[in-house]
1. In the stretch 180-189, is there at least one residue being surrounded by fewer than 19 Cβ atoms within 10 Å (Cβ to Cβ) and in a loop (DSSP other than H, G, I, E, B)?
2. Is the stretch 161-171 home to any residue that is among the hydroxyl-bearing types (Ser, Thr, Tyr) and open to solvent by 50 Å² or more (accessible area, probe 1.4 Å)?
3. Considering only the stretch 150-168, I want to know if a residue exists there that is within 22 Å of Val55 (Cα to Cα), β-branched (Val, Ile, Thr) and in contact (Cβ under 8 Å) with a residue 24 or more places away in the chain.
4. Checking the structure you have, find out if any residue of the stretch 141-160 is part of a loop (DSSP other than H, G, I, E, B), farther than 18 Å from Leu89 by Cα and open to solvent by less than 20 Å² (accessible area, probe 1.4 Å).
5. Please tell me if Ser136 is crowded, with 17+ Cβ neighbours inside 10 Å, at pLDDT 95 or above and within 14 Å of the chain's Cα centre (by Cα).
6. Can you tell me which condition Lys44 does not meet? The list is (1) over 18 Å from Ala166 (Cβ atoms); (2) at pLDDT below 95, and all the others hold.
7. Identify all residues within the stretch 60-98 that are among the β-branched types (Val, Ile, Thr), in a strand (DSSP E or B) and either within 18 Å of Glu114 (Cα to Cα) or open to solvent by less than 80 Å² (accessible area, probe 1.4 Å) (or both); write none if there are none.
Amino acid sequence: MVKTPQKTTLTLFIFLIIFSFLSLTIAYDNNTIPENNLGFKREKLTHLHFYIQDVVSGRNPSFVQVAEAATTNASSVSFGMVTVVDELLTAGPEPTSKQVGRVQGMIAFASQSEVGLLMTLNYVFTEGKYNGSTISILGRKANSLTVNEMPIVGGSGLFKFARGYAQLRPYKFNATSSDAVFEYNFYVLHY
C-alpha cells in the first residue's frame, strides 16, 4: 500500500492533536489542588437561628454613618448614605441573651424610591461549635418587606465554600431610640 501525502499529513495531524490533548491534560492535572486539601467532604445543610442587636442610640452605637452623597440630606430615603456596623449576635432577642458572635460590615442606602439597603456583612461566630467560623452575605434589604431574603455568598472555618440564603425579619423596634432587634434564620450549605 502506497501512502499518499494527504494520508501522511492526516496521520501527522491526528497525532499532533492527540499529543496536544495529552500534554494539556498532564499540565492541567499538575496545576490542580487535591480536593482533600480544600476540606471537601459530603455537603451539609445547617440551619442557624439568632438575633441581631441593632443599636443606633447612646454613647456606643453599633450602626454608624461614615459617608454620604451631596444629596443624601435632601433624600427622604437617605439615598447615598453609607454605614458600618459591628453588632451583637445573640441566641435570644434580649440584649442580655447569650452572645454568639458579631455582625460586621457595610450597609449602603442604595434605592432612590424606598429604604432599600445594600448589605455586605460578615457573621463572625465566637461561641460553641462554630467559634472562629464566619458566614458572608451580600444582598438587598427592603424595609417595606416583612421578611427579606439575602444570599449567603461564602464563609470560613466550618463554613468553607458556604452558600445558601438568610431570612431576616424585624423582631422589635424602639420608636424613641430607633434601636432594633432583627431575627435571622440562615440555611447554609457547606462542607
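1. No, because not a single residue in the stretch 180-189 is surrounded by fewer than 19 Cβ atoms within 10 Å (Cβ to Cβ) and in a loop (DSSP other than H, G, I, E, B).
2. yes
3. Taking every residue of the stretch 150-168 in turn, none turns out to be within 22 Å of Val55 (Cα to Cα), β-branched (Val, Ile, Thr) and in contact (Cβ under 8 Å) with a residue 24 or more places away in the chain.
4. So far as the stretch 141-160 goes, no, none of its residues is part of a loop (DSSP other than H, G, I, E, B), farther than 18 Å from Leu89 by Cα and open to solvent by less than 20 Å² (accessible area, probe 1.4 Å).
5. Judged against the criteria, Ser136 is a match.
6. (1)
7. Val64, Val82, Thr83, Val84, Val85, Thr90
The values are calculated or read from the model by the stated rules, or taken from the named source; none is laboratory data. Treat the numbers as computed from the prediction; the structure is a model and nothing was measured. Methodologically, a virtual Cβ is constructed for each residue, glycine included, from the backbone with ideal geometry; neighbour enumeration extends over all protein chains shown. Protein only, heavy atoms only, side chains kept; ligands, DNA and RNA dropped before computing areas. Shrake-Rupley method; radii C 1.70, N 1.55, O 1.52, S 1.80 Å.
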